[in-house]
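Working notes for the structure below.
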Amino acid sequence: MILLAAFIGTGNPSSAQEVPAPRVFTKIEVEGNSRFRDQDVIATSGLQTGDAIGEPELIAAVEALEFTGEFEDIVISSNGQTLIITVEETPAFTGGLTFGLGFDTDDGIFGSVGLSIDNAFDRGLAIRSNLIVAEETQTFRTLFSSENFWGDGRRGGVRFDLENYDFENTAYDFFAGSIEPFITFDIAQNALLELRYTLSVREIYNVNPLASPIIQAENGQDISSGVGFSLLFGSQVDPNGLATASAWRLRFDQDFTGLGGDTAYSESKLILNARQRLTQSGFAIRTTVELGAVTALGGDDPRASERFTLGGSRLRGFERATISPRDVCLGCGPGGSDLITILGGNYFAVARTDLLVPIFQRQPQIETFAFFDIGSAWNVDSDVAPAGILEDSADFRSSYGIGASFSTGIGKFEAYYAIGTDGEPFDEDQEFGLSFRASF
């Protein structure tokens, strides 16, 4: 558990009674670290000599160090003009097994098992595996990586993924499996390039016999291979594509799939994460912008397993996967009911923005925010005629509301309430979202 104990003045965090005024320091020292260089810890914290450092900067520094997952305790104190960052590193186990239990409004109750090995076979090989089982989602992912995976200092690894989805609000189930060797390069300061090859199998099955003819035609399995690359930019970018402590991160993924398979397509994604402090009192803004496109490279068009949907945590205020192009057949169902089939879109765009409001300034583990989301998924390329009306225009939906997260010793709670939504006919609203994740 990460605790914040920061007091600038005496070097004794527990004696703090009032929030001190910001101060400028001439030196920053790190204590308690053995696996990391002092300058890396300081860079990750974002603290700098010559800057005025107060409680908001200290809270942001602890959050940045906490995000790395490498520290159990973080204490920031001072001694004269020297700022001292004292860390307690997480145990450097050669292997570890964790179990988790959680709930969220997208997947319901879920359980997880994680395996982490840092130096397998005494060769610097890192192994990360994670199994998540929920009523509608089952995923298993494994990563093997090292600084010398391909020899002669060539960094990279291999990913193995298995995914199965049987969502209640879609007219089909979906399975995907892949093996993906990759290699990464430092191309500039805080910039990485990843090159990869992917061999995958994707299957659409259990298609509802009343579903849209478009989905009916996409039923079945496709085995194919492809190549791709990722470009990552942002402070403290690591080989796995994470920004350990930065005000922003930009990632672009490009994959060409279908070499030797039935369906050949190009998939492009762009993700921008940014966070900016607005005031010294702790007000801040954070935003995530995502864009995506999947297009045919000849032959068959991309299937529903490749197209995009929004909702749930990706577009708050709406049910998961329901923001999507649809085949709407009015009166076509049993007893004259309407039949609505979610198809997924060839394109999507979404922006999620939170205004952090420091209501609990002395409790950094409690975060409160107001949010505004906007997004859409649109366009379906298919030679098959819909059963009714194909609604696939780029009609953007929006929502706004409030939320809070609370980190505890057993896990993290996060909840939001959508005060208002602006959607389209047949959209499904989800006013309240809740998630809890615990590991033990």
Value of D in µm² per second that Stokes-Einstein yields for region 247-392, Kirkwood Rh from Cα pairs, at 20 °C (1.002 mPa s)
121
Going by average Cβ neighbours within 10 Å, how do the peptides 155-166, 270-281, 340-351 rank, with the highest at the top?
340-351, 155-166, 270-281
For region 324-396, the percent of all C-alpha pairs falling in each 10 Å bin, from 0 up to the bin holding the max distance, is 18, 28, 20, 16, 13, 5
log10 of Debye I(q)/I(0), alpha-carbon scatterers only, for region 128-207 at 0.12, 0.22, 0.26 Å⁻¹:
-0.48, -0.99, -1.17
So the angle from the long Cα axis of helix 55-67 to the longest Cα principal axis of the chain, reported in degrees to the nearest 10, equals 60
Just the number, please: carbon plus sulfur as a percent of the accessible area of region 59-119, 1.4 Å probe, no ligands or DNA/RNA counted.
61
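On a full-extension model of 0.36 nm per residue, what is the gain between residue 34 and residue 73, subtracting their alpha-carbon distance, rounded to one decimal in nm?
On the way: separation 39, 0.36 × 39 = 14.04 nm, distance 1.41 nm.
Contour length minus Cα-Cα distance gives 12.6 nm.
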Would you kindly find the accessible area of residue 23, with a 1.4 Å probe and non-protein molecules such as ligands, DNA and RNA excluded, rounding to the nearest 10 Å²?
60
For region 52-136, state which chymotrypsin sites (Phe, Trp or Tyr not before Pro) are in a DSSP loop and have at most 14 other beta carbons lying within 10 Å of their beta carbon.
93, 121
Not counting ligands, DNA or RNA, and with a 1.4 Å probe, what is residue 249's accessible surface area in Å² rounded to the nearest 10?
60
Each label sits 7 Å from Cα toward the beta-carbon; between residue 426 and residue 372 the label points are separated, in nm, by 3.0
Here, residue 116 and residue 140, labelled 7 Å along Cα→Cβ, have an inter-label distance in nm of 2.2
Summarise the accessible area of region 129-210 (1.4 Å probe, protein heavy atoms) by the percent that is carbon and sulfur.
57
Just the accessible area for residue 66, please: 1.4 Å probe, Å², rounded to the nearest 10?
80
Could you provide, to the nearest whole Å², the per residue accessible area of region 303-429 with probe 1.4 Å?
43
Alpha carbon centroid spacing (whole Å) that separates region 144-215 from region 262-327
16
Among the GluC sites (Glu not before Pro) in region 389-440, which ones are in a DSSP loop with at most 16 other Cβ atoms within 10 Å of the Cβ? Mind listing them?
428, 431
Residue separation between residue 330 and residue 185 times 0.36 nm, minus their alpha-carbon distance, gives in nm 46.9 nm
Order of 123-131, 186-194 by packing, highest average Cβ count within 10 Å first?
123-131, 186-194
Per residue, the convex hull enclosing the alpha carbons of region 49-89 has a volume in Å³ of 71
Given the DSSP H assignment, sum -39500 (n - 2.57) over each helix run of at least 4 residues in the chain and divide by its residue total; what's the result at 222 nm in deg cm²/dmol, nearest 500?
-1500 deg cm²/dmol
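The values are calculated or read from the model by the stated rules, or taken from the named source; none is laboratory data. These numbers come from a predicted model, not from an experiment. Don't worry about glycine lacking a Cβ; one is built from the backbone with ideal geometry, like all the others, and counts go over all protein chains shown. In case anyone asks, the SASA skips ligands and DNA or RNA and just uses the protein heavy atoms, side chains included. Shrake-Rupley method; radii C 1.70, N 1.55, O 1.52, S 1.80 Å.
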